[in-house]
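Written below as structure tokens is the structure these notes are about.
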Amino acid sequence: MKRTTKFAVSALIMIGVLALGLLFLNNHLENKIRQSIEDNLKKASGSFEKVDVKLLDRRAEVVNPSFRIDGKTLKVDAILLDDIHLWDYISKKDIIIGELKISNPVIKVYNFKNKEKDSSSEKSKSPKFENKVLIKNVNINGGSFQIFEKDSSEHRLFTKIRDVKLQQVRINSETLKETVPFNYDLILLNADSIFYDLNEQHKLAAGNFVIDNNKVLIQKLQIIPKFSKTGHQETINVEKDRYNLKIDSLSMDSFNWSMQNDTLKIQNSLTEIYGAYFDIYRDKLQPDDTSIKPLYSEMIRKMPILLQLDSINVNRSYIRYEENIHADRESGVVDFSNLNAQIKNITNIGLDRKDFPKTVLTATANFMKKAPIKVRLEFDISNVNDRFHITGNMGRIAAEQMNKFMKPAMNLQAEGEILDMYFNFYGNDIKASGDMKLEYNNFKVEVLRKDGTRKNKVISALANLIVKNNTLNKKANYKEISFTRDRTKSFWNYLWNLLKNGALKSFL
């Protein structure tokens, strides 16, 4: 046989052997990678229909995987692993993947005891997770996230997922011990149709929810009453407000969250709220709620989460408060339109530090759509006595506007106008004092009979004899005011009583 022929035959044999070797190696590695994926899925309490590995394409697919751990379930149409780094796995057993695609995940969390055996009971018997996982890009399309608390037929929370993108996702034995079992560098989340069952009387909803790394945008955020005003009263046995809140948009510029000793920690620099409409209804015919009402400083100090919101701006908003006092007459109403507010330093982190910041709220609005009003409230969340300072002033308003609340609430009807009011109060959880100045013009009071429609002429005449009915009270003096708080009432009831006492001192 000629030398060239021998060489050609030898080359063909070598190529054949190499091809067989590569085929064997390919099958061996495919089987090994498939087995590794299957083993790790089982370690994560997962089940699946099949795992398909294509080594030459450096791709793997898990069909119909599902997981169940600690009352949480995850079902997915398919998980696709693309651009698998083979050498890292062969040499170090590390799993590095260029892209992970997840289609239509359905995540369900059951926060109630289930009679079915939970795989979490066998969690301690599962082999230790020893691999290090790095996924450079994660893309999730479609799906939903659901929470159940009473039973598996009624949602506490439901949200429809449009898409989620994550970058540099890292998983190891340490991250798996955390509440969120992975770390990441960047995130983009887009969801809609959010529903959350707040309580027996209210639900929360949002039309659109976007997280773009550290920026958050929520549109059409609502707290929706489940019942009419009459129906609401049938669900309560003590006074409890009915809320109807609509917010056009809420945004956060540097949102960050983490877990600190099993406590959720939320931080953000600037929060913007636009176009809030807040309608509050209270039926005073119900028995009083005699529970202690903490002031805002105590409420924030004792929150079950750690919170740090540096600045909150409320823009172009409206608040309406309606109070039903008598069954046989219309409700009393007060409102604040064109409301703009700024709140600084809402935090309960580092309460024992010497430079703990004071919380400051400043707000402007039109009272009863007429009188300009400005308020400044300052308090120290770290102060256990809940000391506060509130000051404000209100411009001209006709008695006709005030009668919308005075007539049904106080059985009074007034004439004339308030020209200017200024107040300045210091207080704590127990008592407040300060001063108030009230200027008015030709102010007259009519005391109504019990039916609220007819004038009680005798008492009205006596009342107007007592009222300092100067044509123009230009030199109204500051009046010293004090009031001991009923701790079963809210902060705004506290302020209302201070203002009411100041008004009575000014008129009499």
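The values are calculated or read from the model by the stated rules, or taken from the named source; none is laboratory data. Here the structure is a predicted model, which is why all the values come from computation and not from measurement. All Cβ positions, even for glycine, are placed from backbone atoms using ideal geometry, and neighbour counts span all protein chains on display.
At a glance:
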quantity: Selection count, region 303-338, where residues are of a type outside the set (S, T, N, Q), surrounded by 16 or more Cβ atoms within 10 Å (Cβ to Cβ) and touching a residue at least 40 places away in the same chain (Cβ under 8 Å); calculated: 15
quantity: Residues located in region 223-256, provided they are among the polar types (S, T, N, Q), within 15 Å of the chain's Cα centre (by Cα) and crowded, with 16+ Cβ neighbours inside 10 Å; calculated: S249, S251
quantity: Output for region 213-233, where each listed residue is over 30 Å from L186 (Cα atoms) and of a type outside the set (G, A, S); calculated: I223, I224, P225, K226, F227, K229, T230, H232, Q233
quantity: Some residue of region 42-56 being at pLDDT below 70, farther than 20 Å from R170 by Cβ and part of a helix (DSSP H, G or I); calculated: yes
quantity: Residues (closer than 30 Å to N131 by Cβ, touching a strand residue (DSSP E or B) at 6+ places or on another chain (Cβ under 6 Å) and surrounded by 13 or more Cβ atoms within 10 Å (Cβ to Cβ)) located in region 176-208; calculated: F182, N183, Y184, L186, I187, L188, L189
quantity: R320 at pLDDT below 95 and in contact with an Asp or Glu (Cβ under 9 Å, 6 or more places away or on another chain); calculated: no
quantity: Residues of region 257-269 that turn out to be more than 15 Å from the chain's Cα centre (by Cα) and either loosely packed, with under 14 Cβ neighbours inside 10 Å or of a type in the set (F, W, Y) (or both), as a count; calculated: 6
quantity: Count - residues of region 215-261 that are hydroxyl-bearing (S, T, Y) and within 30 Å of S291 (Cα to Cα); calculated: 4
quantity: Count of region 129-168 residues which are of a type in the set (K, R), at pLDDT below 85 and either under 22 Å from the mean Cα position of the chain (by Cα) or exposed (fewer than 15 other Cβ atoms within 10 Å of the Cβ) (or both); calculated: 2
quantity: Residue match in region 361-372 (condition: modelled with pLDDT under 95 and among the β-branched types (V, I, T)); calculated: no
quantity: Those residues of region 237-272 which are in a strand (DSSP E or B), aliphatic (A, V, I, L, M) and over 20 Å from N340 (Cα atoms), in sequence order; calculated: M259, L264, I266
quantity: Failed item in (1) at pLDDT 70 or above; (2) over 41 Å from the mean Cα position of the chain (by Cα), with L448 passing the rest; calculated: (1)
quantity: Region 383-397: number of residues that are over 19 Å from I418 (Cα atoms) and surrounded by 19 or more Cβ atoms within 10 Å (Cβ to Cβ); calculated: 3
quantity: Options E417, E400, E446, E439; residue that is over 25 Å from R485 (Cβ atoms), surrounded by fewer than 16 Cβ atoms within 10 Å (Cβ to Cβ) and among the charged types (D, E, K, R); calculated: E400
quantity: Test: residue in region 296-315 that is over 15 Å from T347 (Cβ atoms), part of a strand (DSSP E or B) and not polar (S, T, N, Q); calculated: yes
quantity: Of all residues making up region 409-428, the number that are among the small types (G, A, S) and modelled with pLDDT of 95 or more; calculated: 1
quantity: Residue list for region 479-500, filter: touching a residue at least 40 places away in the same chain (Cβ under 8 Å) and farther than 19 Å from K240 by Cα; calculated: K479, E480, I481, S482, F483, T484, R485, L495, L498, L499
quantity: Residue count, region 385-404 (criterion: within 23 Å of S297 (Cβ to Cβ), of a type in the set (V, I, T) and free of Cβ contacts under 8 Å to residues at least 60 places away in the same chain); calculated: 1
quantity: Candidate set from region 57-71 (those that are farther than 20 Å from N141 by Cα and under 36 Å from the mean Cα position of the chain (by Cα)); member that is modelled with the highest pLDDT; calculated: R68
